[in-house]
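Working notes, structure below.
The values are calculated or read from the model by the stated rules, or taken from the named source; none is laboratory data. What you see is a predicted model; the values in this text were computed from it and never measured. Cβ atoms come from the backbone with ideal geometry, glycine included; neighbour counts cover every protein chain shown.
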Amino acid sequence: MSNQQDISAIRKDYSLQTLDEKEVNSNPFSQFNIWLEEAINAQITEPTAMNLSTITKNNYPSSRIVLLKEVQKDGFVFFTNYQSKKGQDMYHNPFVALNFFWADLERQIRIEGIIEKIPQFDSLEYFVSRPKASQLGAVASPQSQKVENRAFLEQQFERLEKQYEDKQVLKPTEWGGYKVIPSYFEFWQGRRSRLHDRIIFEKENNQWNIARIAP
């Protein structure tokens, strides 16, 4: 083999904590909030970063990192451009998956569910709360569309800075929030010898059933 590192030999044994189905909160949203708070308190970089997986109209999986902005009693909210690649995917197929991975805590949460847009008023309320530079970025970027070069985006941004110098930035009609409404959760805690703890919540008749699955 060349000087390239042998990645097959990279291993880590997990031993920080345990997870027991008898100890988790009976509500998966409450259990999620417990782990999220611990991730935030541990000062993990981007604790709200989550992998969002969608399905294209050609039935190919597609993933990217987005930021969680709110945990509601029935779902997880994030914001994006409706015309972006993920927006188009979700228009054609509303079934999505989320994945949170907090390496420092040796934890992972997998969530599967269906997507829906949040009300426009709620999207507007969040948009006006953003820093002005973020608002301008949302207006300037034709997200997921091909652009000639970086200069095009920077020129768009500079033009909008002048246009809205003394004005409130208007939310683009194609920008707003989505909510993932789960039907499945998996809480994963790393353990020694790859015998990880995996506790799942499955929704049936509006009730959450808890079970352990093998690693």
Original post:
Within the range 177-185, can one find any residue that is under 23 Å from Ala103 (Cα atoms) and of a type in the set (Gly, Ala, Ser)?
Top reply: no
**OP:** Please go through the range 155-179 and pick out each residue that is surrounded by 14 or more Cβ atoms within 10 Å (Cβ to Cβ), among the hydroxyl-bearing types (Ser, Thr, Tyr) and free of Cβ contacts under 8 Å to residues at least 60 places away in the same chain.
**Re:** Tyr164
Original post:
Is it true that some residue in the range 146-161 is in a loop (DSSP other than H, G, I, E, B) and within 30 Å of Phe32 (Cα to Cα)?
Top reply: no
Original post:
When the range 188-206 is examined, which residues are found to be of a type outside the set (Asp, Glu), at pLDDT 95 or above and either under 15 Å from Gly113 (Cα atoms) or loosely packed, with under 10 Cβ neighbours inside 10 Å (or both)?
Top reply: Ile200, Phe201, Lys203
Subject >> Any hit, the range 147-154, residues being of a type in the set (A, V, I, L, M, F, W, C), modelled with pLDDT of 95 or more and surrounded by 11 or more Cβ atoms within 10 Å (Cβ to Cβ) >> reply: no
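Table: residues versus (1) closer than 24 Å to Asp197 by Cα; (2) of a type in the set (A, V, I, L, M); (3) without any contact (Cβ under 8 Å) to a residue 40 or more places away in the chain; (4) surrounded by 14 or more Cβ atoms within 10 Å (Cβ to Cβ).
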residue	(1), (2), (3), (4)
Leu52	yes, yes, no, yes
Phe78	no, no, no, yes
His92	no, no, yes, no
Ala97	yes, yes, no, yes
Arg107	yes, no, no, yes
Ile115	no, yes, no, yes
Ile118	no, yes, no, yes
Subject >> In the range 120-136, the residues that are assigned to a helix (DSSP H, G or I) and out of contact with any helix residue (DSSP H, G or I) (no Cβ under 7 Å at 6 or more places or on another chain) >> reply: Gln120, Phe121, Asp122, Ser123, Leu124, Glu125, Tyr126, Val128, Ser129, Lys132, Ala133, Ser134
**OP:** Specify the residue that is farthest from Phe32 (Cα to Cα); the eligible residues are those in the range 56-69 that are without any contact (Cβ under 8 Å) to a residue 60 or more places away in the chain and within 15 Å of the chain's Cα centre (by Cα).
**Re:** Ser62
**OP:** Answer yes or no: is there a residue in the range 41-50 that is in a strand (DSSP E or B), at negative phi and surrounded by 14 or more Cβ atoms within 10 Å (Cβ to Cβ).
**Re:** yes
Original post:
Here are some residues: Phe101, Phe32. Which one is touching a strand residue (DSSP E or B) at 6+ places or on another chain (Cβ under 9 Å), at pLDDT 95 or above, within 30 Å of Pro142 (Cα to Cα) and not aliphatic (A, V, I, L, M)?
Top reply: Phe101
Original post:
Looking at this structure, is Lys85 buried (at least 16 other Cβ atoms within 10 Å of the Cβ), free of Cβ contacts under 8 Å to residues at least 60 places away in the same chain and farther than 17 Å from Phe187 by Cα?
Top reply: yes
